[in-house]
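The values are calculated or read from the model by the stated rules, or taken from the named source; none is laboratory data. Quick caveat: nothing in here was measured; it's all calculated off a predicted structure. Positions of Cβ are backbone-derived with ideal geometry, glycine not excepted, and every protein chain shown enters the neighbour counts.
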Amino acid sequence: MSKASKIAFLNPLSKENPVIVQVLGICSALAVTTKLEPAFVMTLSVVAVLALSNVIISLIRKTIPTSIRIIVQLVVVAALVVMVDQVLKAYNYEVSKQLSVFIGLIITNCILMGRLEAFALNNGPWLSFLDGVGNGLGYGMILVIVAFFRELLGSGTLFGYQVVPDSWYEMGYMNNGMMILPPMALITVACIIWVHRSRNKELQEK
Amino acid sequence: MEDLNLFIRSIFIDNMIFAYFLGMCSFLAVSKNVKTSFGLGIAVLFVLIVSLPITWALNEYVLQPGALSWLGPEYASTDLSFLGLIMFIAVIAALVQIIEMVVEKYAPSLYNSLGIFLPLIAVNCAILGAVLFMQQRDFDSAWTATVYGAGSGIGWLLAITCIAAIREKLEYSDVPAPLKGIGITFIITGLMGIAFMSFLGIKL
């Protein structure tokens, strides 16, 4: 892999993570993280939409007039999201029910607009593809970490399988119902930011 | 009465930010001072009130399965619901554009105070989110949809103004270095969310 493609792919995973550093796409990142399974499906959907829309926009970047580029981007993204939505409804109806409106909201996910504007409009298709996959994975990483803690502490399960042994419950261990409620998602993300920024001092705000 | 209940619920209990995290991106980016936050909040409220009845009509008379039957019996079995997302986002984007032009012409002072926020609202998830929830909940009249839009908008306005006020005060506090800026904002939003949950179960 050349240096440029390495940067495009690896930077979004930590140093320029879309969620905790660029603070994009928070809406869906928090809402789908009560369980691991929807978080995982959401990650896959975002990676697919982001990579494909990056490639498409990068291929037609020289023919789009600048004045209408936002509309063009919205239409491309919306078409891709509709496809993902239909595929999910066909093959995994349960999860698509759980994700409810949040698949549709990928259209207005700021990560997409941000990457299309900042990267795909100025770079070739292969680099844009890597950038899309990298950002999608960086986003998904945070989602999966948050969902892991919330499902483990909130329901004592992982991917729907019980991992906290029954004997613990008999000894008086209780699931922490707080973790399932929306506010705890915010606080979990804040803890991730805390750990991440104390390891990467250059990211701290003064 | 029913509508009043929905109105109060959508402000406090189903609050766009604290219960569904919708519109978080602009919420976090803009909430640095009260004045701009209030301006953005008003703009969102405005767009929500206008766009919900229009998308409701679109959903009722074009998109739902069998909605086209007013064109004639041969259309009774048409189902265009898969086009929903594209239609909604196009309508919202167009509406924002029209509202921007009208406001610029007839209320230049409001236009200047809203500034760049108006065009950005097209990609604010709170708007598309409210429209999708409206579709999911199947409201039975355009009026109910408008009430829901107004409630969600006021809830959003309330949330962003409060957080901006807290962040202004926070400038003078001694926050751990890695949490400064975005981290502490997340925690405060979480705590406010817990506070708002005490409204849970209120019924009028």
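Yes/no per residue for (1) touching a Ser or Thr at 6+ places or on another chain (Cβ under 8 Å); (2) on the phi > 0 side of the Ramachandran plot; (3) within 14 Å of chain A (Cβ to nearest Cβ):
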residue: B:Thr146; (1), (2), (3): no, no, no
residue: B:Ile163; (1), (2), (3): yes, no, yes
residue: B:Leu170; (1), (2), (3): no, no, yes
residue: B:Lys180; (1), (2), (3): no, no, yes
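Only one of A:Leu50, A:Leu44 is more than 14 Å from chain B (Cβ to nearest Cβ), part of a helix (DSSP H, G or I) and surrounded by fewer than 18 Cβ atoms within 10 Å (Cβ to Cβ). Can you tell me which? Write out each step before concluding.
Values: A:Leu50 fails: surrounded by fewer than 18 Cβ atoms within 10 Å (Cβ to Cβ).
Sole residue among the options that is more than 14 Å from chain B (Cβ to nearest Cβ), part of a helix (DSSP H, G or I) and surrounded by fewer than 18 Cβ atoms within 10 Å (Cβ to Cβ): A:Leu44.
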- Task: Might you let me know whether region A:82-101 holds any residue that is within 11 Å of chain B (Cβ to nearest Cβ), closer than 30 Å to A:Leu153 by Cβ, within 11 Å of the chain's Cα centre (by Cα) and not aromatic (Phe, Trp, Tyr)?
- Result: no
- Return only the number of the condition from (1) within 14 Å of another protein chain (Cβ to nearest Cβ); (2) under 30 Å from A:Tyr161 (Cα atoms); (3) over 13 Å from the mean Cα position of the chain (by Cα) that A:Glu37 does not satisfy. (1)
- Regarding A:Ile71, is this residue within 20 Å of B:Gly84 (Cβ to Cβ), buried (at least 17 other Cβ atoms within 10 Å of the Cβ) and facing chain B (nearest Cβ under 9 Å)? no
- Message: Tell me which helices (runs of 4 or more DSSP H) are completely within region B:105-204 and hold 3 or more residues being closer than 25 Å to B:Ala57 by Cβ and touching a residue at least 40 places away in the same chain (Cβ under 8 Å), or say none if there are none.
- Response: B:125-137, B:142-170
- Task: Quick one: which residue in A:Gly114, A:Gly138 is closer than 19 Å to A:Ala185 by Cα, touching a helix residue (DSSP H, G or I) at 6+ places or on another chain (Cβ under 9 Å), part of a helix (DSSP H, G or I) and of a type in the set (Gly, Ala, Ser)?
- Result: A:Gly138
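Return the residue satisfying two criteria in turn: it lies in region A:5-23 and is in a helix (DSSP H, G or I) and of a type in the set (Gly, Ala, Ser), and of such residues it is surrounded by the fewest Cβ atoms within 10 Å (Cβ to Cβ). Step through it out loud before you land on a result.
Going residue by residue through region A:5-23, those that are in a helix (DSSP H, G or I) are A:5-13.
If we keep only those that are of a type in the set (Gly, Ala, Ser) as well, we get A:5, A:8.
On the way: A:Ser5: 15, A:Ala8: 23.
That would be A:Ser5.
Could we say that B:Ser152 is over 20 Å from A:Asp85 (Cβ atoms) and at pLDDT below 85 here? So that I can check it myself, show each step before the final result.
Working: over 20 Å from A:Asp85 (Cβ atoms): yes; at pLDDT below 85: no.
No; evaluated as a whole, the condition is false for this residue.
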- Evaluate the following for A:Ser58: is it surrounded by 20 or more Cβ atoms within 10 Å (Cβ to Cβ), in contact with a helix residue (DSSP H, G or I) (Cβ under 6 Å, 6 or more places away or on another chain) and under 26 Å from B:Met87 (Cβ atoms)? no
- Query: From A:Ile145, A:Ile193, which residue is away from chain B (no Cβ under 11 Å) and over 30 Å from A:Leu59 (Cβ atoms)?
  - Reply: A:Ile145
- Message: One residue is enough: does region B:37-60 have a residue meeting the conditions within 14 Å of chain A (Cβ to nearest Cβ), of a type in the set (S, T, N, Q), under 14 Å from the mean Cα position of the chain (by Cα) and over 27 Å from B:Thr161 (Cα atoms)?
- Response: yes
